[in-house]
1. PHE93 to THR37: extension gain in nm, 0.36 nm per residue of separation minus the Cα-Cα distance?
2. Using each residue's phi in the range 43-59, evaluate 6.51 cos²θ - 1.76 cosθ + 1.60 at θ = phi - 60° and report the 3J(HN,Hα) Karplus result to the nearest Hz, with x for Gly and Pro.
3. Give me the distance between the Cα centres of the range 35-58 and the range 66-101, rounded to whole Å.
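What follows draws every value from the coordinates through simple rules; no lab data is involved. Just so you know, these numbers come straight off a predicted model, no measurement behind them.
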Amino acid sequence: MHDDLVIGRNPLDITRLELYIWYVHNGVTMKQVNVTTLRQSLPDYLAMVAEGETLSVTLRGRVIAVIMPPPSEESSAARARLRGSLVSYAAPFEPVIAAHEWGMNRQSCSKL
């Protein structure tokens, strides 16, 4: 579900802002629960997570943890297919083709 946020990164390095932006962008709503309530009804909240719900755990009004379901088999398989497929360039700031081969350059040069 939110694997794209943590691929290749330590999940602990994700900032709160990044997490918030990801949730807003993907339309995910997160249920908040304080530590005391979570402790008292842990099986109920774990059942919610097992059904796909994401919980934000708070302590004195501050988010201290996010509990989310594990990545799906489908997303894991997609990540495995993409792993190692990134193309690297030795000179990333150099043009890939010559300037005279660009269609846009031919059009602007012909008007001169």
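1. Numbers: separation 56, 0.36 × 56 = 20.16 nm, distance 5.38 nm.
Working it through step by step, the gained length comes to 14.8 nm.
2. Computed from phi, the couplings for the range 43-59 are x, 5, 5, 5, 5, 4, 5, 4, 7, x, 6, 10, 10, 10, 9, 10, 9 Hz.
3. Between the Cα centres of the range 35-58 and the range 66-101 lies a distance of 34 Å.
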